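The values are calculated or read from the model by the stated rules, or taken from the named source; none is laboratory data. Remember, it's a predicted structure, so these values are computed and weren't measured experimentally. When we count neighbours, we look across all protein chains shown, and the Cβ atoms used for this are built from the backbone with ideal geometry, even at glycine. Quick note on the areas: whole protein, heavy atoms, side chains included, nothing else; ligands and nucleic acids left out. Shrake-Rupley method; radii C 1.70, N 1.55, O 1.52, S 1.80 Å.
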Amino acid sequence: MSVRARLVADVPAPLPPAEADHPELLGLPGRRLLAQRGEDALLAQRLDDAFAPVGEPVRVPAPWPRRRGTWAVAPDASLAVFAGVHAVRAVEPSGRTRWEVRHGCWYGACQESHGSYEEYGDRADHRYPDGGSAGFSVDGAFVWAHIRGPLAAGEPDPEALDEWVLLDAADGRLLARADARAAAAGSFHLPHPSDPGRMGLSIGEGQDGAPLRWGRWDGRELTVAYVEGDLVLVGVSPSGERLLTVTHDQDVLAVRDTGGAVLDGLEWEAETAIPRHPGAEPENDEALPYWDWSGGFLDETTLLGSTVEGDEEWGEGRHWLVDTAGERTPVEIVYPLPVGYRPPTALGGGMWVTQAEPGEGLYVWRRD
């Protein structure tokens, strides 16, 4: 059983693959942005409803090389935030630094509080640091940042290794902070689609685990749900009440509430829900599928997942749709052109995104 995908748009990347990371398509309420991090700048291109460019790309100069941190861009592309090794810095398209929040060094053996990237940028021992991330709220009013403590200003929590902080995007003012209860190698944020006061944080601790946090800011207090288990957050539903997760060991895809409880039996173990790849050796007991840490919600009840990483030894990777209001059985997506070398990402509105030739652009799809 399968479902056919229909190509909606072919979106070229702003920068050549050799000079930049893979582009990302950000589906935001009322707008779409194509963003790509180059070596010395972040480019953000506004798109119309047909995914055609609107105006010239917004170019935001980057404060440090792209291999030394992560980034986030405001919904209106008026500000970019770079989460680096020693600080979170907000930069305007003019190149002006709007604000900077310094924190502990993400290189684990370093106890210094760096004042600038230049202090450690050429040091061999800082070449491969761990890292955090930042994310804008859906309205762009707040920046949520996962940092290595302590903050350069304020009272640090002596028991906290990683912290989750909420900042005012306008001036970088610290609004709230919480112990992330993690020792991260990396992380990423997924916002609530309509409430700027709620945010998801997925943390990777290498082989040690994958803590998941769901935060809520009511204007006075930050409360954090420390979800049990090692779970990677791959999607937030349009209502914001459902989370799509994949276990750290990549065995189980599941729909959960924001406290972490599996909803109405909505979980799928890859070994039993997904057939073996047709190119796999029949007698190979290790040729079993497993979920990628990617996917999301196409709408409130339709899920997107993939098994690309586990399939790659046997042939083209496979993508799957699950109708949780219907059969609840993963159905393979059939494409009119090759896309199986990278996992897909849900865009919402019934659409999803795959990579074109690595780094050259993106394809937007919907169910035929």
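Scaled to the globular estimate 2.2 N^0.38 Å, the Cα spread of the range 247-310, given as radius of gyration, is 1.23. If you plug the beta carbon distance of residue 39 and residue 249 into 1/(1 + (r/R0)^6) with R0 = 30 Å, you get a FRET efficiency near 0.30.
Using the Cα centre of the range 1-40 as origin and beta-carbon charges of +1 (Lys, Arg) and -1 (Asp, Glu), tell me which of 23, 34, 9 is placed farthest towards the positive end of the dipole. Towards the positive end, the residue furthest out is 9. I need the shape label for the range 20-79. Rule: rounded when a/c is under 1.5, else prolate if a/b > b/c, else oblate, with a, b, c from the alpha carbon gyration tensor. Prolate, since a/c reaches 1.5 and a/b exceeds b/c.
On the principal axes of its alpha carbon atoms, the range 229-280 extends 38, 21, 17 Å, with the longest extent given first.
When each of the peptides 262-274, 317-329 is scored by the mean number of other C-beta atoms lying within 10 Å of its residues, the order from highest to lowest reads 317-329, 262-274. Relative to the 2.2 N^0.38 Å rule of thumb, the chain has a C-alpha radius of gyration ratio of 0.98. More than 15 Å apart: what percent of Cα pairs in the range 50-131 qualify? Summing the P(r) of the range 50-131 above 15 Å gives 59 percent of all pairs.
Counting 0.36 nm for each residue step from residue 2 to residue 281 and taking away their Cα separation leaves a gain of 98.2 nm. In whole percent, and with a 1.4 Å probe on the protein chains, what portion of the accessible area of the range 1-95 is carbon and sulfur? So the carbon and sulfur contribution to the accessible surface is 50 percent.
Annotation: per residue accessible area for the range 223-368 equals 43 Å², rounded to a whole number [probe 1.4 Å, protein chains only].
Overall shape: oblate for the range 190-242, with the ratio a/c of the largest to smallest alpha carbon gyration tensor axis at 1.5 or above and b/c at least equal to a/b. Here's the picture: charge each Lys and Arg Cβ at +1 and each Asp and Glu Cβ at -1 in the range 167-297, and of 272, 250, 204 the one pushed furthest to the positive end of that dipole is 204. Across all directions, the average flat footprint of the convex hull enclosing the Cα atoms of the range 1-45 is 4.8 nm². Evaluated with a Cβ-only charge set (Lys, Arg +1; Asp, Glu -1), the chain carries a dipole of roughly 1360 debye about its Cα centre, given to the nearest 20. Once the Kirkwood radius over Cα pairs is known for the range 173-313, the Stokes-Einstein relation at 10 °C and 1.306 mPa s delivers a diffusion coefficient of 99 µm²/s. Each listed q (0.21, 0.23, 0.26, 0.31 Å⁻¹) maps to a log10 I(q)/I(0) for the range 85-136, found by the Debye formula over equal Cα scatterers with no solvent: -0.81, -0.93, -1.08, -1.28. For the range 1-100, the solvent-accessible area of protein heavy atoms averages 46 Å² per residue (probe radius 1.4 Å; ligands and nucleic acids excluded). Across the chain, Cα pairs under 8 Å and at least six residues apart give a relative contact order of 14 percent. Calculated mean residue ellipticity at 222 nm for the chain: -500 deg cm²/dmol, from DSSP H runs with n ≥ 4 weighted as -39500 (n - 2.57), summed, divided by the residue count and rounded to 500. Inter-label distance, residue 128 to residue 54: 4.3 nm, where each label sits 7 Å from its Cα along the C-beta direction.
Dipole of the chain (Lys/Arg Cβ +1, Asp/Glu Cβ -1, origin at the Cα centre): which of 259, 346, 57 lies farthest to the positive side? Result: 57. Distance between the C-alpha centres of the range 205-235 and the range 167-200: 10 Å, rounded to the whole angstrom. Annotation: extensible slack from residue 316 through residue 181 equals 44.8 nm (criterion: 0.36 nm per residue apart, minus Cα-Cα distance).
With only the Cα atoms considered, the range 282-348 has a convex hull volume of 103 Å³ per residue.
Would you work out the Kirkwood radius for the range 255-368? I mean one over the mean of 1/r across all pairs of different Cα atoms, in Å. Across the range 255-368, the inverse of the average 1/r is 14.8 Å. Rounded if a/c is under 1.5, else prolate if a/b beats b/c, else oblate: with a ≥ b ≥ c from the C-alpha gyration tensor eigenvalues square-rooted, which is the range 60-201? Since a/c reaches 1.5 but b/c is at least a/b, the shape of the range 60-201 is classed as oblate.
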